[in-house]
Amino acid sequence: MDFPDEEALAIVDDPSRTESGSDKDTAMLEKLAAQMLVDRDHMLGFPVNLDFDYRMFADFLTVHANNVGSPVDDSEYYLHTKPFERAVVKFLGRLAGREDAFGYITNGGTEGNIFGCFIGRERFPDAVLYYSDMAHYSAPKIARLLRMESCSVATVTGEGMDLDCLRDRHRQLGDKRAAIVVATVGSTTDGSYDDIPGIRSALADVASNTHIHSDSAFGGLLAALGYETRPWAFESGADTVTISGHKMIGGPIPTGIVLAHPEHVDIIRNADVAVGADDDTISGSRDAVSPLMLWYELRRLGRVGLRRRVLHCLDTAAYAVERLAAEDLHPVRVGGTNTVIFDAPSEDICARWNLLIVGDKAHLITMPHVTGEHIDRLCADLRS
Ligand SMILES: Cc1ncc(COP(=O)(O)O)c(C=O)c1O
């Protein structure tokens with residue numbers, strides 16, 4: 001986005017402005033929206049889905065709806081959407097292998113990771129927190145926030161966390177301690193997956209207790225619904241699970257879903273303190289519109305449509321590999337992921353297609369809005 005700060009500030013801070021604003025304000029927003037729509041058609045480098053249309057939700061922009069407090073209790077603030085939030089949680093809980101999972105809609109993957117690690121820390125206060133060197137940057141931040149001893153574990157290229165390294169590190173601590181492990185299911189770096197059952201067995205006789213938080217923000221739905229299903233959630237031994245709402249499902253506002261075993265949530269619950277509801281979430285006031293949008297989209301797609309969407313992402317990634325190889329850009333893709341890493345082209349092309357650059361490589365992520373036609377247009381740009 002290329003929008004001068006001074007232009008936005010000039011209007012907000014204009015002493016002569018009237019309460020009703022002016023045509024200038026509207027024109028500025030229209031200009032910004034038009035620019036975003038152009039950028040949307042060139043977004044190939046970030047794991048967000050831009051294929052949605054929620055304009056029918058306009059009426060919800062005229063009320064303040066708020067899902068304050070526990071997702072399980074209706075609060076004394078009547079303008080809420082908790083029945084829809086519970087439906088989304090049930091849908092994803094079933095997919096994750098626990099139909100009665102506790103869950104709520106967060107403001108994104110980071111909040112879900114905080115929640116999962118918080119539950120783990122409250123279960124096992126002496127635990128050490130482990131995460132791979134490809135984990136999302138929220139993992140070390142959470143260690144700091146929760147004042148936990150923590151350790152980054154090396155990864156094996158394309159295979160996720162090095163389990164021998166994890167086991168050795170924990171064994172070296174001496175007295176058997178508990179371990180909390182953030183397992184990244186779909187790393188932001190190359191899409192790779194940590195092996196959840198492998199983590200549990202690696203720690204089985206060296207940890208007094210283990211809590212595994214599955215950070216499935218990026219790769220959970222790919223793991224659940226791809227050509228080859230992979231361990232990602234409760235069925236494979238995770239205790240808490242984060243899924244992003246704005247990645248594979250999609251929406252205009254960052255959002256996510258966190259799931260947990262209901263019996264583990266009791267430990268953090270404060271009864272009846274949140275506007276007539278219990279407090280068992282990280283935030284107080286919570287977004288009540290995203291749950292409606294997620295519900296609408298999941299209801300529209302169903303499990304079959306969601307799978308079709310996942311397969312579209314994987315097929316487009318395979319097509320991108322083929323096309324970029326023909327351009328001699330040495331594309332690499334970890335199996336079962338939609339991230340394609342290739343020799344970075346010129347700065348102009350990377351900026352035009354919003355490609356993420358790491359060192360001398362560019363990252364292309366085939367999210368649902370990306371089609372073969374986008375790849376063809378990128379390749380045409382590469383050639384000219
Ligand atoms: C694996 C993973 N975990 C966590 C997050 C954080 O999500 P958010 O930006 O919604 O807080 C991301 C975001 O890219 C991610 O890819």
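The values are calculated or read from the model by the stated rules, or taken from the named source; none is laboratory data. Keep in mind it's a predicted model, so treat the numbers as computed, not measured. No Cβ is skipped: glycine too gets one built from the backbone with ideal geometry, and neighbour counts run over all protein chains shown. Just so you know, the surface numbers come from the protein's heavy atoms only, side chains and all, with ligands and any DNA or RNA stripped out. Shrake-Rupley method; radii C 1.70, N 1.55, O 1.52, S 1.80 Å.
Count charges around Glu322 for me, please; just the other residues with Cβ under 12 Å from its Cβ, Lys/Arg as +1, Asp/Glu as -1.
Here the charged neighbours net out to -1.
Using a probe of 1.4 angstrom, how much of the accessible area of region 60-299 is carbon and sulfur, in percent?
Answer for region 60-299: carbon and sulfur cover 50 percent of the accessible area.
For the listed peptides 54-64, 139-149, a ranking on the average number of other beta carbons within 10 Å per residue, highest first, reads 139-149, 54-64. Think of each Lys and Arg Cβ as +1 and each Asp and Glu Cβ as -1; about the Cα centre, that makes the dipole of the chain roughly 1040 debye. Using a cut-off of 14 Å between beta-carbons, work out the net charge of the residues near Glu99 (Lys and Arg +1, Asp and Glu -1, Glu99 not included). That sum, taken over residues with Cβ under 14 Å, equals +3. The orientation-averaged projection of the convex hull spanning the C-alpha atoms of region 126-238 amounts to 6.5 square nanometres. DSSP bridge analysis restricted to region 60-299 gives an antiparallel fraction near 45%, rounded to the nearest 5.
Judged by the gyration tensor of its Cα atoms, with axes a ≥ b ≥ c, region 249-378 is prolate; a/c meets the 1.5 cut and a/b is the larger of a/b and b/c.
Taking chymotrypsin sites (Phe, Trp or Tyr not before Pro) across region 195-285, the ones in a DSSP loop with at most 13 further Cβ atoms lying within 10 angstrom of their Cβ are Tyr227.
At R0 = 30 Å, how high is the FRET efficiency between Ala87 and Arg40 if r is their beta carbon distance? Nearest 0.05 is fine. List each step's numbers first, then the result.
Details: r = 28 Å, r/R0 = 0.95.
Result of the calculation: an efficiency of 0.60.
Normalised by 2.2 N^0.38 Å, where N counts its residues, the alpha-carbon radius of gyration of region 1-154 equals 1.44. On full extension, the segment bounded by His64 and Glu6 gains 17.9 nm, given 0.36 nm per residue less the C-alpha separation. Cβ-Cβ distance of Ser201 and Ser283, R₀ of 25 Å, FRET efficiency by 1/(1 + (r/R0)^6): the value works out to about 0.10.
Expressed as a whole number of Å, what is the distance separating the alpha-carbon centroids of region 237-272 and region 106-179? Taking the Cα centre of each part, region 106-179 and region 237-272 sit 17 Å apart. The residues packed around Asn270, meaning those with a beta-carbon under 9 Å from its beta-carbon, carry a net charge of -3 if Lys and Arg are +1 and Asp and Glu are -1. For trypsin sites (Lys or Arg not before Pro), the sites in region 172-206 that DSSP calls loop and that have at most 15 other Cβ atoms within 10 Å are Lys176. My understanding is that a pair violates if its Cα-Cα distance is over 29 Å; which of Lys90/Lys361; Lys247/Lys361; Lys141/Lys361 do that in this structure? Over 29 Å Cα-Cα: Lys90/Lys361. Placing one identical point scatterer on every Cα of the chain and ignoring solvent, what is log10 I(q)/I(0) from the Debye formula at q = 0.06, 0.07, 0.09, 0.13 Å⁻¹? Debye intensities relative to I(0), on a log10 scale: -0.26, -0.35, -0.58, -1.12.
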